[in-house]
Amino acid sequence: MSTLPRPLSQGPGLVEKHVLGMAEMGYRGLSEQWLKRRAGDLHWQLIARAIGQRDAVFTCSEGEPLYAAFCATSLQLSRPHLPRLGGEIALAADLYRVGHGRLASRLLITSDGDVVGCMILVSTFVGRSEPGINRSVVRRSPRALAMPPEAPLAVRRIAEQASAITRNIRNDGLKLTGMSGAQTILPCPATDFNAAGLLYFPSYSALADRGLFQAGEKHTRMVACRHVVYLGNVEPGEWTDILFQKRPWGHNVILRGSEERPLALMRVRFRGDN
């Protein structure tokens with residue numbers, strides 16, 4: 001794997017190239033979990049570089065640790081069948097600003113030179129108001145703030161939709177109309193949490209897929225797109241409810257923590273021709 005600055009004519013982004021092996025490929029094509037982990041790491045590297053840091057380790061003005069937590073991610077795979085074992089995949093990421101205190105990256109995914117899809121990630125800085133308590137995560141400002149270029153329309157739209165959904169839930173509560181199934185899963189700290197002690201953002205998708213499979217949704221279709229709005233986090237040992245609504249194209253999914261606390265809203269579509 002190589003991480004290289006993009007040419008100045010293409011903006012101050014990053015490009016990674018990988019040979020696709022078992023770590024990068026999943027049961028049906030490119031591993032979504034691997035892809036999101038790499039996309040998240042590139043996003044954090046871009047932020048660090050934009051504020052003049054070598055390492056993606058952030059603090060507030062008081063020196064307390066901060067985390068660039070994701071508000072929303074949007075993955076769209078127009079040709080998910082293209083990546084293959086032994087092939088090459090390139091991930092090209094650029095950073096943008098999307099309003100006060102929020103940053104976004106757009107990841108272009110190509111396989112052996114052909115476009116496979118893209119991912120948009122929107123983040124804000126957060127910290128814990130109570131040490132070690134994930135429920136106490138609140139927005140905070142970093143010691144230095146990056147000022148990358150303003151985001152293009154497609155990126156702004158994802159950020160604006162996520163903000164509107166979050167605002168509506170805060171004002172009116174989470175509506176469960178039409179949810180047709182539910183499963184309860186206990187996230188595992190060894191596999192689902194990150195080094196900050198928080199439920200890792202790719203794990204939300206993994207928990208949703210696990211819940212659907214546990215409920216009998218044993219589809220093998222490739223994911224065409226997955227949109228996620230992140231609303232909260234959980235403590236290790238806290239059970240998570242996976243509520244879902246089956247649709248002809250895929251599923252709407254809600255993740256809840258204890259006391260019916262909303263954790264995420266998700267919409268996943270599958271390819272209809274495999």
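The values are calculated or read from the model by the stated rules, or taken from the named source; none is laboratory data. Predicted model, so just to flag it, every value in this text is computed and none were measured. Here the Cβ positions follow ideal geometry from the backbone for every residue, glycine too, while neighbour counts run over all protein chains shown. Accessible surface is based on the protein model in full, side chains and every heavy atom, while ligands, DNA and RNA are left aside. Shrake-Rupley method; radii C 1.70, N 1.55, O 1.52, S 1.80 Å.
Things worth noting here:
- Contact map, region 125-149: first residue closer than 14 Å to Gly232 by Cα, second residue open to solvent by 90 Å² or more (accessible area, probe 1.4 Å), Cβ cut-off under 7 Å, separation 6 or more or different chains; pairs are Phe125/Arg139; Val126/Arg139; Gly127/Glu64; Ser136/Glu130.
- Exclusive hit being closer than 17 Å to Ser31 by Cβ and open to solvent by 60 Å² or more (accessible area, probe 1.4 Å), set Thr177, Thr191: Thr191
- Any chance Glu217 is open to solvent by less than 50 Å² (accessible area, probe 1.4 Å) and free of Cβ contacts under 8 Å to residues at least 40 places away in the same chain: yes
- The one condition from (1) over 19 Å from Ala39 (Cβ atoms); (2) surrounded by fewer than 21 Cβ atoms within 10 Å (Cβ to Cβ) that Gly211 does not meet is (2).
- Criterion (small (Gly, Ala, Ser) and either over 22 Å from the mean Cα position of the chain (by Cα) or under 24 Å from Gly127 (Cβ atoms) (or both)) met by exactly one of Gly272, Gly250: Gly272
- From the options Ile169, Ile165, residue that is β-branched (Val, Ile, Thr), open to solvent by 40 Å² or more (accessible area, probe 1.4 Å) and within 19 Å of Leu243 (Cβ to Cβ): Ile165
- Among (1) out of contact with any strand residue (DSSP E or B) (no Cβ under 9 Å at 6 or more places or on another chain); (2) in a loop (DSSP other than H, G, I, E, B); (3) in contact (Cβ under 8 Å) with a residue 24 or more places away in the chain; (4) on the phi < 0 side of the Ramachandran plot, the one test that Asp55 misses: (3)
- Some residue of region 17-37 being part of a helix (DSSP H, G or I) and open to solvent by less than 20 Å² (accessible area, probe 1.4 Å): yes
- For region 227-252, the set of residues classified as assigned to a strand (DSSP E or B), more than 15 Å from Ile169 (Cβ to Cβ), out of contact with any His (no Cβ under 8 Å at 6 or more places or on another chain) and open to solvent by less than 50 Å² (accessible area, probe 1.4 Å) consists of Thr240, Asp241, Ile242, Gly250, His251, listed by residue number.
- Leading residue by the ranking (surrounded by the fewest Cβ atoms within 10 Å (Cβ to Cβ)) among those in region 62-103 that are on the phi > 0 side of the Ramachandran plot and at pLDDT below 95: Gly63
- Among the candidates Ala182, Ala224, residue that is in contact with a strand residue (DSSP E or B) (Cβ under 6 Å, 6 or more places away or on another chain), over 17 Å from Ala264 (Cβ atoms) and either among the aromatic types (Phe, Trp, Tyr) or at pLDDT below 95 (or both): Ala224
- Positions within region 111-146 being acidic (Asp, Glu) and modelled with pLDDT under 90, in sequence order: Glu130
- Some residue of region 124-137 being assigned to a loop (DSSP other than H, G, I, E, B), within 19 Å of Gly99 (Cβ to Cβ) and touching a helix residue (DSSP H, G or I) at 6+ places or on another chain (Cβ under 9 Å): no
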